[in-house]
Structure formats: structure tokens, C-alpha cells
Amino acid sequence: MIEYKQHFTTSERIALKRLIRYVAKVLGISTAKINTILAAIDDKANGYEISRATFKRMTCKAKKIGLLTVKETVRTNK
């Protein structure tokens, strides 16, 4: 994580750290919605809000440097 620190702003690093905590529950997989992660950041960071755009920007940067692989899923009706 230290070698990638210069690629992210402070807000993006906070978002990445929270995403890492969600991924830790099942090794390498996060099924949480972006809004769920943002709500958790708001609760834990004493009102320090991060916008959805900042989170998306963080995921784009992380994908570009090879930290993340994103596979979006769609729920089908049964």
C-alpha cells in the first residue's frame, strides 16, 4: 500500500482503506454497494464525507495501476 500512496489523494486513500476492510470479510471479494461503503465512511470518519465521484475516481486509479479488478454483477429475477 505504501508504494501506491502517491497515486491517491487523502479522500481516495480513505475510500480505498474502507474498501479493503469490506474485501477482508471474504478474501478478495467485495459485494458491498458503493453507497454502503460511503455510508460506513461517513459513520466512522466523524462526518468526513466522500462523494460517489471520488470513490469512482479511486476505483479507476486502482484499476489503472493494477490494484483492483472490477467485475460488475446484475441480479436476475427468479
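Taking R0 as 22 Å, what's the FRET efficiency between residue 6 and residue 32 from their Cβ-Cβ distance, rounded to 0.05?
So the FRET efficiency works out to roughly 0.25.
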>> Defining a contact as two alpha carbons under 8 Å apart and six or more residues distant in sequence, what relative contact order in percent does the chain show?
In response: 29 percent
>> Beyond a 20 Å Cα-Cα separation, which of these cross-linked pairs lie in this structure: 44/64; 5/33; 5/61?
In response: 44/64; 5/33
> If you take the Cα Rg of segment 1-58 and divide it by 2.2 N^0.38 Å, with N the number of residues, what do you get?
Replying inline: 1.08
>> Counting heavy atoms of the protein chains only and a 1.4 Å probe, report the per residue accessible area for the chain as a whole number of Å².
In response: 80 Å²
>> If I compute solvent accessible area with a 1.4 Å probe over the protein chains, what percent of it on the chain is carbon and sulfur?
In response: 53 percent
> Once every DSSP H run of n ≥ 4 in the chain is given -39500 (n - 2.57) and the sum is divided by its residues, what mean residue ellipticity at 222 nm do you get, rounded to the nearest 500 deg cm²/dmol?
Replying inline: -16000 deg cm²/dmol
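The values are calculated or read from the model by the stated rules, or taken from the named source; none is laboratory data. Predicted model, so just to flag it, every value in this text is computed and none were measured. All Cβ positions, even for glycine, are placed from backbone atoms using ideal geometry, and neighbour counts span all protein chains on display. The protein model used for the area step is the full one, side chains on, heavy atoms only, and it has no ligands, DNA or RNA in it. Shrake-Rupley method; radii C 1.70, N 1.55, O 1.52, S 1.80 Å.
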